[in-house]
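Written below as structure tokens is the structure these notes are about.
The values are calculated or read from the model by the stated rules, or taken from the named source; none is laboratory data. Predicted model, so just to flag it, every value in this text is computed and none were measured. Cβ atoms come from the backbone with ideal geometry, glycine included; neighbour counts cover every protein chain shown. Just the protein is used for accessible areas: all its heavy atoms, side chains included, with ligands, DNA and RNA removed. Shrake-Rupley method; radii C 1.70, N 1.55, O 1.52, S 1.80 Å.
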Amino acid sequence: MAWSLMIRSFKKASRVQKALIVVAFVVIVVGLSGCETVNFYRQAIKGQYQLIAGQQPIDKLAANSNTEPRLRQQLQLVQDLRAFADKDLKLPVDNHYRKYVDVHRPYVVWNVEAAAEFSMEPKSWWYPLVGRLEYRGYFSERAAQHYGETLHKKGCDVYIGGASAYSTLGWFKDPVLNTFIFDPEPDLAETIFHELGHQRVFARGDTDFNEAFATTVGQEGARRWLRAKGDTNAFENYEAELMRNNDFVRLVMDARQELEILYNDEKTEAGKIKASKNPRQIPPDQLRERKKVVFEKLRNSYAQVKAEWGGNGEYDHFFSRQLNNAQLNSVAAYYDLVPGFVQLLKLNGDDLEKFYAAAENLSKKPKKERQQRLRTIGGKGALVESHDTKLPMSRSTSQ
């Protein structure tokens, strides 16, 4: 959860020290918060504790003949991916992903995202130490649904998506989870590299920057992994997957832009969407009908693209529910700034160390300045190349 994004100066604290700091932190938060916030932090602490308490060393599980063969194989793959991330991708592997936890559920957290009914500006929440983030995460799906219902009653568009992985940015050593261990090899590689990317560079209170950076690292890392293995078929399949993802993201971004125009949303100097101070003088019922038309157009466009893919339905789940503003924003959070990071990598000669240094430098700039810079070099937010984007739908997040 967002509470666990503690400042990195505590990174070397012992587990006992960390526990004491967390307790002190919670006492402060409880003292300053209402009942709803108290419940949020309480479930966050409980959820993180369960992850710590249930960990088992991967090397012992992999060596144990009683471990299910498929799990043993995947755990060995994780060890290989860790070594690659350390040596070839220059990511801070440290002791992350050396332990395994079965949380006995399909997702480790459920993230709640929201927006006004007639604006694409995402709702954000303030957290101590990390600033404002555009999601609120729960270890319980029921708790996430309950909070989502509360926001819906207040007139918000709400989207709740499960995440199979997240990073605590070094506050705790992140474990391998049952929620992603059996993913196909390219996706497993991308997940691990994505989460380790969060630990390499993090900008306080900037969801779009953090997710786009980690997405770029995860995808580039997965492609380099497959190339290094010489697995031509897997590499080509992954490229095809990325191309489908590119098509999907374009559809969502186009629909999002139409809605921005419909709502008369404004944009900041950095390119972020803000609700207009002068909204359109159109009756709500008419706005809802026009909004519905945009979503129906999006569904029809997806049906056409899906046919071009030969019927591949990997994004059907996205359209299985009623579409809304918050759901479209969940895509933008990952991809709005990806083109800028892709170009930043190219501008640094595809040298990862130089790329990380450039991204770290941007993370220290004011939020407006760094986002404006990324949008400028990314070319007005357009997706750059078909292989540069892959939507980690319901898979990962930085908590």
At R0 = 56 Å the Cβ-Cβ FRET efficiency linking Ser276 and Asp80, nearest 0.05, sits at 0.65
The stretch 236-318: relative contact order from alpha carbon pairs under 8 Å, six or more residues apart, as a whole percent, is 30 percent
PRE zone check, label point 7 Å out along Cα-to-Cβ of Asp102, amide N under 16 Å, scope the stretch 179-212, hits 179-183
So, relative contact order of the stretch 169-320 in percent, Cα under 8 Å, 6 or more apart, is 15 percent
Quick note, the stretch 176-313: a/c under 1.5 would make it rounded; otherwise a/b > b/c is prolate and the rest oblate (a ≥ b ≥ c, C-alpha gyration tensor); here it is oblate
Note on the stretch 242-289: alpha-carbon gyration tensor, axes a ≥ b ≥ c; rule is a/c under 1.5 for rounded, else prolate if a/b larger than b/c, else oblate; result oblate
If the chain between Asn66 and Asn312 were fully extended at 0.36 nm per residue, the gain over the current Cα-Cα distance would be 84.8 nm
1/(1 + (r/R0)^6) with r = Cβ-Cβ of Arg288 and His146, R0 = 22 Å, i.e. FRET efficiency to nearest 0.05, evaluates to 0.30
Two pseudo-spin positions, 7 Å from Cα along C-beta at Glu117 and at Ile261, lie apart in nanometres by 2.4 nm
Accessible-area order for Phe84, Phe235, largest to smallest, probe 1.4 angstrom, reads Phe235, Phe84
Length gained if Asp88 through Glu269 is fully extended, taking 0.36 nm per residue and subtracting the Cα-Cα distance, is 61.4 nm
By accessible area (1.4 Å), largest first, Val293, Val252 order as Val293, Val252
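Please work out the FRET efficiency for the pair Ala240 and Lys154, using the Cβ-Cβ distance as r and a Förster radius of 30 Å; give the result to the nearest 0.05.
Numbers: r = 42 Å, r/R0 = 1.41.
The pair Ala240/Lys154 has a calculated efficiency of 0.10.
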From the Cα centre of the stretch 64-101 to that of the stretch 142-216, the distance in Å is 19 Å
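From the protein chains alone at 1.4 Å, what is the descending order of accessible area for Leu347, Leu226, largest first? List each step's numbers first, then the result.
On the way: Leu347 115, Leu226 5 Å².
Solvent-accessible surface, decreasing: Leu347, Leu226.
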